[in-house]
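One structure is given below, encoded as structure tokens.
The values are calculated or read from the model by the stated rules, or taken from the named source; none is laboratory data. None of these values were measured; they are calculated from a predicted model. Here the Cβ is made from the backbone with ideal geometry for all residues, glycine too, and neighbour counts use every protein chain on show.
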Amino acid sequence: MNNSLCKPWEHRLSRRQWLGVTAGAAGVVGLNGLPMPALADGLKRKYKQILFVWLDGGVSQLESWDPKPNTEFGGPFRAIPTSVPGVHFSELLPHTAKQMHHLAICRSVCTQDDAHSSGVDRIQRGDAKNRGVIYPYFGSAVTKLLGPNDSGLPPYVWIKPLSGGFMHKDAGFLGAKYGSLAFGDGKPPENLLKHASVSDQDLQDRAALRALADKRYSQTHRAGSTEANSFVFDMGLELMKRQDLFDTTKFSPRDVERYGTHDLGRHMLQARKMLEAGVTFVKVNSYGWDTHGDNFNGSLSLVSRFDQPFGAIIEDLAERGMLDNVLVIAMSEFGRTPRVNGHLGRDHWPEAWSIAMAGSGLKKGIVVGETNDNGTYVKTEPYDIGHMFHTWFNAIGINSEKTEYNNAGQPLPIAHEDMHPIKELLA
Amino acid sequence: MHSTLRTLGLFVVLSVIASSRSANMAQAADDGLAKRIDESVAAKAKDDGPLASNCDDPAFVRRIYLDLAGRIPSVPEALAFIQSSDANKRVALIDKLLSSADYPRRMHDQFHAMLMERRGDNADWSKYLLASFEANKPWDQLAREILDPDSNYDALRGAAFFHTKRLDKVGQQETDYPGLTRDVGRLFLGMDLQCAQCHNHLFIDAYKQADFQGLFTVYQNTFIRTDLKFPAVGEKLMTKKQDFSSVFDKVAMSTGPRVPGGKEIDIPMFEKNQEYVTAPDRKTNFPGVPKFRPMQAIAQDLTSASNKSFAANYVNRLWFVMMGRGLVNPLDQQHVGNPPSHPELLEQLAQAAIDVKFDTKTLLRQIALSATYQRDAQLPSGADAPKPETYRVANEKRMTAEQIMSSVLVATGTHEKPTELKGEAEKNRAAFVKAFGNVPTDPEVEFSPSLKSSLFLLNDTLIMDCLQSAPGNLVDRLTQATDAASVANELYLSVLTRKPSAEEAADVDDYLKKNADRKQAAVTNLAWSLLASTEFCLNH
């Protein structure tokens, strides 16, 4: 954060502002305890949501979205047909291939950074033109630009292996409050469980008595403080009611089997539940994709473990009608070299790689862009991450060329101003 | 942290230094500065609307305890004040608290949060800060000791933590010299020069690239000493000026060490092998002490009475601590484009600070004596809320995590001595800081409740433990109380330091009646609801 030049000093979003923003999106009610499948229509929320799947380290485009079988660098895997005639994926994506009619694939991604340490940040922050400010991650950006919704839940959550906590660095110049709430290994945040000494009745009473005390106080003091206090208590109480989002023992056995019992399967299933519960932005992380050695066995295991839950969540979101409003993105910080190295690995390759997308605002069942025959470079117009940010913003209804951030008086474009939305992708 | 409090006796010796300050105290014993504060605020508020009346005794006793002792008063402390008929009792209480054992701890917590911005803790640093406020060390001296830390004296060496924590490498990132430079400007001069790192500031004409670079050349020359086990910072030899150029016009420039707005310090040249006072020693990793030490030179220039920004930043931050909002707001945006709300008042306060030789107690005392400080916090009914910068009503102040912790303990009667926690004291303090503090590097200025803080209050064992009945504690007293009116009185006085309104007392009565079969649970719920209320979590 030390490097975040020019910090903003905007006021906290008060509860009144939150409510003001969401007034237009009213009418969606909580879904506590309601059976899921019967409610397909009820799950369609009126506001936009995002599922962002991050494969950290770099998935090989050749072993996934852009196979080049029987070519110089193609590797040992075959290509298989998908649900869209003429479009082929690597054979490591059999489940996802069946969902291609929902997907939009861009095969002409060409970005600037081939290092993990800087690339992860640069890509997820959209690699805007350098003005000495640290741009927000896509999740923080969306949370800020879409504003709060009426679910009462945290707007930006991150389901990841290992540790959790509040990840304020995501937010860049937007300020810590736009950071993510990370559920380490899908576990709930600290203190989510009701204390043993407190009964349900006590908890209910406490909430009501606190609200009453704050209401009294606000009658003679500025409203902002009690609004902010009430907002975080309401959110805490709401999240406490949703222990089901974290209790994997209660997940339906059929879902668990379909998504897979491994971490990514479990986390993806949790992500679906978070989206159903109304979280605006859900990021799911998988680590260990940096296959410099033994890329092919590595991909066999990694891509397969991604394929099963990704195919399942696309199917489920589509079935529930949620893809109309949920934008899905699956990507890494770069692709992998077509040339196979001495350790049968593939190295970092930002020159020509692929991103898979689906849902809100995007065309269905299309492939945009093309690489050359051996997959080394992009043959069509190359798209940088800035083009992608433009596209995604527009896909969720934000005009990326007109909307600006206001960073303490400094106007900043929300996506690289020399780039533009990719029209072929947008519905 | 609390163990350092117990070893405080070792450093009381330092308070001898303070005795030389008593002359200053006497000099400012009148309330002349307080009067000037009130005149200035009244003149400015005239166009905006009427000033609120003086706050009542309960409001005053809570406010002044929080500001000077870092906690709410206990019931006996509050009652002793409220029931006293001494016409001079507010002055007496201010003076009592300024010389109480709570005061240095309170200032330690406030300045630790302000200067380190939750980057982490260090026992040497805490010891140093605590001893400094115990001795009422003048701010210019304190700032000099921090800006040019001396590792040779146990009592002073902790000051280096300000630098060493910022010079720490985090993960794969480079040492953040620009960040350290920026913080020296922000915290000691009230100037955030970071946007002037690569070019003259685009919006703030007064912030020049040379201002940033004149400090940067000093701090990029520093390093963490590896020959010592405690935090210590060393300096390399400086033999030439810092070259820089604007990213816009690429014109080559250079500067030696220079305080913004001050004179460039000449870099002296020495013969080969004559550069050191004490030469480096490879065997012990001792880095040597150069004859020319830019940190020392900058520490002198920056803290001198002729540097108006230094004095202005100091009084602005003290004003912020007491009044909830800087005269210059934000605190680190001191420049012509962002004028203070009361320019002449800031100037008077800065001059007063110089006159009393940066005596923190004297200045806090004068602010506390002012009618402006003692104004009521309730908004006038009907009218639009006055602008915070008019100080027509007292502004709500964010409480530090430490203030909240100590106040929870006092309110619930958990401990005899509110500044000490039994057992795992440091762990408990860390839990409160985690729940109520900002994330590292984020200045704690505004009230910012979060999901962390609400879940902590809702469910954390520490809070629940404070609400377990134990002989004589709050829940016990409430359970023993015979009628609803006594419950309401005891509850509101203990937690909110005031009487309940008729409406509030009726609510308590009503709730207790409905829960007559489970009185202890009911009073516990009532106590919890006030601990979680906005009124409790703010100083107003």
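Regarding the range B:476-486, can at least one residue be identified that is within 11 Å of another protein chain (Cβ to nearest Cβ) and of a type in the set (A, V, I, L, M, F, W, C)? No, there is no match, as no residue in the range B:476-486 is within 11 Å of another protein chain (Cβ to nearest Cβ) and of a type in the set (A, V, I, L, M, F, W, C). If you go through the range B:157-184 and keep only what is of a type in the set (Gly, Ala, Ser), in a helix (DSSP H, G or I) and more than 17 Å from the chain's Cα centre (by Cα), you end up with B:158, B:160, B:179. Condition check: in contact with a strand residue (DSSP E or B) (Cβ under 8 Å, 6 or more places away or on another chain), surrounded by 15 or more Cβ atoms within 10 Å (Cβ to Cβ), within 26 Å of residue A:98 (Cβ to Cβ) and small (Gly, Ala, Ser). Does residue A:375 satisfy that? In short, no.
Every condition in (1) touching a helix residue (DSSP H, G or I) at 6+ places or on another chain (Cβ under 8 Å); (2) free of Cβ contacts under 8 Å to residues at least 40 places away in the same chain; (3) farther than 25 Å from residue B:306 by Cβ is met by residue B:154 except one, and the failing one is (1).
Condition first: under 24 Å from residue B:174 (Cβ atoms) and polar (S, T, N, Q). Can you find one or more residues in the range B:294-304 that meet it? No: zero hits. The set of residues in the range A:116-126 being over 14 Å from residue A:170 (Cα atoms) and in contact with a helix residue (DSSP H, G or I) (Cβ under 9 Å, 6 or more places away or on another chain) is empty.
A single entry from A:260, A:311 fulfils the requirement of being away from chain B (no Cβ under 14 Å), in contact with a helix residue (DSSP H, G or I) (Cβ under 7 Å, 6 or more places away or on another chain) and at positive phi: A:260.
Residue by residue, here is whether (1) away from chain A (no Cβ under 12 Å); (2) small (Gly, Ala, Ser); (3) in contact with a strand residue (DSSP E or B) (Cβ under 9 Å, 6 or more places away or on another chain); (4) in contact (Cβ under 8 Å) with a residue 60 or more places away in the chain holds:
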| site | (1), (2), (3), (4) |
| --- | --- |
| B:470 | yes, yes, no, no |
| B:504 | no, no, no, no |
| B:521 | no, yes, no, no |
| B:536 | no, no, no, yes |
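Output the residues belonging to the range B:325-364 that are in a loop (DSSP other than H, G, I, E, B) and among the small types (Gly, Ala, Ser). Hits for the range B:325-364 are B:326, B:337, B:341.
Could we say that residue B:380 is touching a residue at least 40 places away in the same chain (Cβ under 8 Å), in contact with a Pro (Cβ under 8 Å, 6 or more places away or on another chain) and within 13 Å of chain A (Cβ to nearest Cβ) here? Yes. From B:468, B:520, which residue is in a helix (DSSP H, G or I), surrounded by fewer than 23 Cβ atoms within 10 Å (Cβ to Cβ) and of a type outside the set (Lys, Arg)? B:520 is the lone residue from the list that is in a helix (DSSP H, G or I), surrounded by fewer than 23 Cβ atoms within 10 Å (Cβ to Cβ) and of a type outside the set (Lys, Arg).
For the residues B:281, B:266, the requirement of being over 15 Å from residue B:239 (Cα atoms), surrounded by fewer than 16 Cβ atoms within 10 Å (Cβ to Cβ) and either modelled with pLDDT under 95 or acidic (Asp, Glu) (or both) singles out B:281.
From the set of residues in the range A:176-192 that are part of a helix (DSSP H, G or I) and not hydrophobic (A, V, I, L, M, F, W, C), which is nearest to residue B:461 (Cα to Cα)?
Applying the first criterion (part of a helix (DSSP H, G or I)) to the range A:176-192 yields A:176-178.
Within this subset, residues satisfying the condition of being not hydrophobic (A, V, I, L, M, F, W, C) are A:177-178.
Details: A:177: 25, A:178: 28 Å.
Step by step, filter the range A:176-192, then rank; the result is A:177.
Taken over the range B:523-534, the criterion of being within 14 Å of residue A:199 (Cβ to Cβ) and more than 7 Å from chain A (Cβ to nearest Cβ) is satisfied by B:524 alone.
Does residue B:181 count as buried (at least 23 other Cβ atoms within 10 Å of the Cβ) and without any contact (Cβ under 8 Å) to a residue 60 or more places away in the chain?
Details: buried (at least 23 other Cβ atoms within 10 Å of the Cβ): yes; without any contact (Cβ under 8 Å) to a residue 60 or more places away in the chain: yes.
Here the answer is yes, as residue B:181 does meet what is asked.
Considering only the range A:378-407, state which residues are crowded, with 17+ Cβ neighbours inside 10 Å and not hydrophobic (A, V, I, L, M, F, W, C). Don't jump to the end; show me each part of the working.
Applying the first criterion (crowded, with 17+ Cβ neighbours inside 10 Å) to the range A:378-407 yields A:378, A:383-396, A:398, A:400, A:405, A:407.
A:383, A:384, A:386, A:387, A:390, A:391, A:394, A:400, A:405, A:407 - these are the residues of the range A:378-407 that are crowded, with 17+ Cβ neighbours inside 10 Å and not hydrophobic (A, V, I, L, M, F, W, C).
Can you tell me which residues in the range B:365-390 are more than 30 Å from residue B:305 (Cα to Cα) and outside any loop (DSSP other than H, G, I, E, B)? Across the range B:365-390, the qualifying residues are B:375, B:388.
Annotation: of all residues in the range B:432-452 being among the hydroxyl-bearing types (Ser, Thr, Tyr) and in contact (Cβ under 8 Å) with a residue 40 or more places away in the chain, the one that is nearest to residue A:173 (Cα to Cα) is B:441. Residue A:144 meets the conditions (1) surrounded by fewer than 19 Cβ atoms within 10 Å (Cβ to Cβ); (2) out of contact with any Gly (no Cβ under 6 Å at 6 or more places or on another chain); (3) closer than 30 Å to residue A:363 by Cβ; (4) charged (D, E, K, R) in every case but one. The failed one is (1). Consider residue A:195 carefully, then state whether it is in a loop (DSSP other than H, G, I, E, B) and either surrounded by fewer than 21 Cβ atoms within 10 Å (Cβ to Cβ) or in contact with a Lys or Arg (Cβ under 8 Å, 6 or more places away or on another chain) (or both). The answer is yes for residue A:195.
Please enumerate the residues belonging to the range B:184-198 that are aliphatic (A, V, I, L, M) and buried (at least 24 other Cβ atoms within 10 Å of the Cβ). Scanning the range B:184-198 gives B:184, B:189, B:191, B:193, B:196. Exactly one residue out of B:358, B:436 is crowded, with 22+ Cβ neighbours inside 10 Å, within 14 Å of chain A (Cβ to nearest Cβ) and in contact with a helix residue (DSSP H, G or I) (Cβ under 9 Å, 6 or more places away or on another chain): that is B:436.
Scan B:240, B:250, B:236 and give me the residue that is over 22 Å from residue B:196 (Cβ atoms) and either surrounded by fewer than 17 Cβ atoms within 10 Å (Cβ to Cβ) or of a type outside the set (Lys, Arg) (or both). Give the steps one after another, and end with the answer.
Details: B:240 fails: over 22 Å from residue B:196 (Cβ atoms); B:250 fails: over 22 Å from residue B:196 (Cβ atoms).
Checking each option against the conditions leaves just B:236.
Restricting the range A:210-251 to residues that are outside any helix (DSSP H, G or I) and in contact with a helix residue (DSSP H, G or I) (Cβ under 9 Å, 6 or more places away or on another chain), the residue that is farthest from the other protein chains (Cβ to nearest Cβ) is A:251. Considering only the range B:187-202, how many residues are in a helix (DSSP H, G or I) and either more than 10 Å from chain A (Cβ to nearest Cβ) or more than 24 Å from the chain's Cα centre (by Cα) (or both)? Count: 5. Would you mind stating whether residue B:166 is within 14 Å of another protein chain (Cβ to nearest Cβ) and crowded, with 19+ Cβ neighbours inside 10 Å? Answer is yes for this residue.
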